[in-house]
Amino acid sequence: MSNRLTAILVGLAILFFLVYSSVFVVNERQQAIVVRFGQIQDVKTQPGLYFKLPFAFMDADRVQYIENRALRFDHDNIRVQVSGGKFYEVDAFVVYRITDARRFRETVSGDQLSAETRLRTRLDASLRRVYGLRGFESALSDARASMMQEVRDDLRPDAESLGISIVDVRIRRTDLTQEVSQQTFERMKSERLAEAELIRARGNEEGQRRRAIADRQVVELESDAQRQSEVLRGEGDAERNRIFGEAFQRDPAFFEFYRSMTAYTNALTGNGTTLVLSPDSTFFRYFNNINGTQPQGAAPAAPPAPATAPAQAPAN
């Protein structure tokens with residue numbers, strides 16, 4: 001009885017081992033290649049549970065798993081030369097997917113690292129070619145997108161020969177090398193200094209132009225003000241003469257009296273001037289008579305004359 005139980009257990013263990021050796025699972029992120037004696041027997045691209053021959057010894061049915069998702073590899077510090085002859089450093093990366101597992105196995109034995117090495121070499125050559133046809137400014141302008149598309153199109157034929165589909169190519173960085181960076185800095189510095197001098201010269205020119213306009217406007221304003229003042233002064237003199245004429249016509253005696261009082265005020269102010277006049281002169285007629293008439297028989301005196309020295313009494 002015990003021998004039969006032992007035989008059953010051994011049989012079950014052997015059956016379980018055979019079943020376990022014959023089953024493999026493919027998840028949604030993988031592809032599976034079934035290889036029998038070095039030849040591809042089958043390719044499983046859909047997730048699920050699959051069977052194969054048991055025992056993978058002596059190169060019998062072996063399962064090789066291949067990625068079934070988007071993959072990426074980076075290629076940094078690529079030294080490229082642009083059309084101007086200067087060198088720059090470029091960082092880029094490639095996004096790809098293994099779409100033909102059978103060809104991928106046949107070309108690179110399913111080795112992802114080997115496939116990326118071959119694509120990296122092709123990427124390096126394509127970037128050098130694309131940058132060599134353009135200037136550095138293109139990588140910083142709208143032409144950057146077309147440059148990446150061109151590199152991607154260059155990679156696709158080689159990638160398809162490996163069973164790989166190129167999803168996208170991106171340029172992450174385009175930078176100056178150390179020596180070019182210093183040269184570019186000096187050039188940009190010189191350009192900025194020249195631009196500053198140009199702006200300063202234009203500012204001085206504009207300042208001089210505006211000062212000249214302001215000076216001309218000052219002269220014009222002063223001339224116009226002088227002209228207006230002369231016109232107003234003439235109008236004032238004319239108005240004064242008119243008023244004097246009207247006053248004389250209304251009362252000539254009062255007007256003569258007012259004029260004499262004004263003459264006394266202007267002539268007899270304390271300015272150090274000495275006048276030698278006769279008391280009976282016409283100039284002093286209002287001192288002797290309020291009506292300004294002279295006594296009968298008095299001869300009119302000569303008009304007053306200014307003197308620069310005080311009058312002296314005659315000697316005895």
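Data overview
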| item | result |
| --- | --- |
| HN-Hα J in Hz across the stretch 219-233 - Karplus 6.51, -1.76, 1.60, θ = phi - 60°, x for Gly and Pro | 4, 5, 5, 5, 4, 5, 5, 4, 4, 5, 5, 5, 5, 5, 5 |
| Contour excess over end-to-end distance, with Cα ends at ARG233 and VAL219 and 0.36 nm allotted per residue | 3.0 nm |
| Between the stretch 138-216 and the stretch 62-131, the Cα center-to-center distance that results, in Å | 28 |
| For GLY110, residues with placed amide H under 5 Å, excluding near neighbours | ARG105 |
| Cα-centred dipole magnitude for the stretch 38-123, charges only on beta-carbon of K, R (+1) and D, E (-1), debye, nearest 20 | 200 |
| Relative packing of 70-76, 261-267, 105-111, which averages over residues the other C-beta atoms within 10 Å, highest first | 105-111, 70-76, 261-267 |
| Sequence ranges 92-103, 211-222, 127-138, ranked by mean other-Cβ count within 10 angstrom, highest first | 92-103, 127-138, 211-222 |
| Whichever lysines have a C-alpha closer than 21 Å to that of LYS52, once near sequence neighbours (fewer than 8 apart) are set aside | LYS44 |
| Portion, in percent, of the accessible area of the stretch 84-237 that falls on carbon or sulfur, probe 1.4 Å | 50 |
| Pairwise Cα inverse-distance average, inverted: Kirkwood Rh of the stretch 84-151 (Å) | 13.9 |
| Kirkwood-Stokes translational diffusion coefficient of the stretch 73-219, alpha-carbon pairs, 20 °C, 1.002 mPa s, µm²/s | 115 |
| Mean Cβ neighbour count within 10 Å, used as a protection proxy, ranking 149-155, 187-193 highest first | 149-155, 187-193 |
| Backbone N within the stretch 67-103 under 14 Å of label point (7 Å from PHE185 Cα along the Cβ vector) | none |
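The values are calculated or read from the model by the stated rules, or taken from the named source; none is laboratory data. None of the values given here were measured: they were computed from a predicted structure. No Cβ is skipped: glycine too gets one built from the backbone with ideal geometry, and neighbour counts run over all protein chains shown. The protein model used for the area step is the full one, side chains on, heavy atoms only, and it has no ligands, DNA or RNA in it. Shrake-Rupley method; radii C 1.70, N 1.55, O 1.52, S 1.80 Å.
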